[in-house]
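Data first, discussion second: the structure below is written as structure tokens.
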Amino acid sequence: MTNRKSSIERKTNETDIIVKLNIDGVGNSKIDTGIGFCDHMLSAFAKHGRFDLEVKCVGDLEVDAHHSVEDIGIAIGQALNECLGDRAGITRMGDATVPLDEAVVQTVVDLSGRPFASVDLTFTSPLIGELPSELISHMLDSISMNALITLHVIQKSGKNDHHIAESAFKSFARALDAASSYDKRIDGHVPSTKGTLNS
């Protein structure tokens, strides 16, 4: 089995982004988005998914964080889609529930080739650090749409916004790691009665 790696460059009038992803990594990360809490979430995502992830983003933060967060999500999703390739031999579905103190979030993924996202998170404050809390869901949605995966993020409990967000990214990472892992029993076949997960 060879490492599944991808490198994505995305440049617009609003952002300049480089993403490098190895989904068969060990959890190393080098994250610089200009938004501290976003860096923290992506570092946790890499660590708990055992992904090696590099993200460098120069964005128009003088406007706000929206363009940067959205475009980072797009680029990570594109990188993930490239890493998965034809998705042959993968487990395909994953489910992880992760606690962080009082917060518990469950994430269920299907690397289906069909993009859909349902993210049910409730935050009490408009900002977590310098990151608008509404952008947590938006980033997860952007990753899902561009990775061509089905994503359900379900908050079970939580009062602290930091804990809720971190539980979401950790549970997404663990579910994604499980779903993208190889299943030796299907020996490289695509896990679908259609015979494809790309159309």
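The values are calculated or read from the model by the stated rules, or taken from the named source; none is laboratory data. Because the structure is a prediction, the values reported are computed rather than measured. Cβ: placed from backbone, ideal geometry, glycine included. Neighbour counts: every protein chain shown.
In table form, for the structure just shown:
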read-out	value
Residue identified as polar (S, T, N, Q) and in contact with a strand residue (DSSP E or B) (Cβ under 9 Å, 6 or more places away or on another chain) among 13, 81	81
Residues of region 116-137 satisfying the condition of being under 14 Å from the mean Cα position of the chain (by Cα), of a type in the set (S, T, N, Q) and either farther than 12 Å from residue 151 by Cβ or surrounded by 17 or more Cβ atoms within 10 Å (Cβ to Cβ) (or both)	137
Residue match in region 123-144 (condition: touching a strand residue (DSSP E or B) at 6+ places or on another chain (Cβ under 7 Å), among the hydrophobic types (A, V, I, L, M, F, W, C), within 26 Å of residue 15 (Cα to Cα) and touching a residue at least 40 places away in the same chain (Cβ under 8 Å))	yes
Checklist (1) over 10 Å from the mean Cα position of the chain (by Cα); (2) at pLDDT 95 or above; (3) closer than 23 Å to residue 93 by Cβ applied to residue 157, failing item	(3)
Filter result for the condition that a residue is surrounded by fewer than 18 Cβ atoms within 10 Å (Cβ to Cβ) and either touching a residue at least 60 places away in the same chain (Cβ under 8 Å) or more than 26 Å from residue 7 (Cα to Cα) (or both), over 73, 77, 85, 113	85
Number of positions in region 1-33 that are of a type in the set (Ser, Thr, Tyr) and free of Cβ contacts under 8 Å to residues at least 24 places away in the same chain	1
Set 107, 15, 33: member being touching a helix residue (DSSP H, G or I) at 6+ places or on another chain (Cβ under 9 Å) and either closer than 19 Å to residue 181 by Cα or of a type in the set (Asp, Glu) (or both)	107
